[in-house]
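**Q** Attaching a single structure in structure tokens format; questions to follow.
Any read-out appearing in this document is the output of simple, stated calculations on the displayed coordinates, not a laboratory observation. Bear in mind that the values here come from a model prediction, so they are computed numbers and not experimental data. Cβ placement follows ideal geometry from the backbone for every residue including glycine, while neighbour counts extend to all protein chains displayed.
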Amino acid sequence: MDKDLVFQQLISKGILKWVLFIILILRPVNITFKTVFQKYAPKSSNGTEDTIEGAGAMIGNLERLLISIFMSYNQFGAIGLVFTAKSVARFDKISKDPIFAEYYLIGSLYSIISVLVLYGLIKC
């Protein structure tokens, strides 16, 4: 099979759009979040971040992938389940630490906005 034909078939099926979309919602979104919102990150009493290194980025990646899957199937209501699950898991910390609650909300909103904007731009 001709390489150009294979490439044209990939483009026509939207596979390359999806690959680009997935690449963009992962690492670039993590980097921009960390760069732009680092000043809002809650610190523990000893001045360090009170979390497992890389856990927040991984949670964000999985969150954005799930949102993308739900959007591709027009299951917009299911997106709320992602945020409900996150909130249930972090309820104790959110209710006791207003600084963490604000940072959590900033991250969640940034995550969904980034997926919506990139999805709209690429139109998967």
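**Q** I'd like the orientation of helix 76-96 relative to the chain: the angle between its Cα long axis and the longest Cα principal axis, in ° from 0 to 90, rounded to 10.
**A** It works out to around 20 degrees.
**Q** Now, a different point. Scaled to the compact-protein estimate 2.2 N^0.38 Å, what is the alpha-carbon radius of gyration of the range 60-124, rounded to two decimal places?
**A** Working: Rg = 12.8 Å, N = 65, 2.2 N^0.38 = 10.7 Å.
It is 1.19.
**Q** Nothing charged except the Cβ atoms of Lys and Arg (+1) and of Asp and Glu (-1): what's the magnitude of the dipole of the range 22-124 about its Cα centre? Round to the nearest 20 debye.
**A** For the range 22-124, the charge dipole is close to 200 debye.
**Q** On to the next question. Net charge within 13 Å of Ala101 by Cβ-Cβ distance, Lys/Arg positive one each and Asp/Glu negative one each, not counting Ala101 itself?
**A** +1
**Q** Treating the Cα atoms of the chain as identical point scatterers in vacuum, please give the log10 of the normalised Debye intensity I(q)/I(0) at q = 0.22, 0.23 Å⁻¹, two decimals.
**A** With one equal scatterer per Cα and no solvent, log10 I(q)/I(0) is -1.32, -1.40.
**Q** Something else: Using Cα springs under 10 Å in a Gaussian network model of the chain, which residue among Ile79, Ile52, Ile67 shows the largest mean-square fluctuation?
**A** Answer for the Gaussian network model of the chain: Ile52.
**Q** Lys/Arg Cβ at +1, Asp/Glu Cβ at -1, dipole of the chain taken about the Cα centre: which of Val117, Gly56, Phe100 is farthest positive-ward?
**A** Val117
**Q** Considering the chain as a Gaussian network with a 10 Å cut-off on Cα pairs, which listed residue, Ala41, Ala55, Ala78, attains the greatest mean-square fluctuation?
**A** Ala55
**Q** Here's a follow-up. On a 0 to 90° scale, report how tilted helix 98-122 is relative to the longest principal axis of the chain, with both axes built from alpha carbons and the result rounded to the nearest 10.
**A** Result, in degrees: 10.
**Q** Select from Asn61, Asn30, Asn74 the residue whose mean-square fluctuation is largest in a Gaussian network model of the chain (Cα-Cα springs shorter than 10 Å).
**A** Judging by the Gaussian network model, the answer is Asn74.
**Q** Further question on the same structure: So what is the relative contact order of the range 3-122, in percent, for Cα pairs below 8 Å that sit 6 or more residues apart?
**A** Reported as a whole number, the value is 34 percent.
**Q** Next question. Say the cut-off is 23 Å between C-alpha atoms; which of Lys39/Lys96; Lys39/Lys123; Lys43/Lys96 go over it?
**A** Flagged as over cut-off: Lys39/Lys123.
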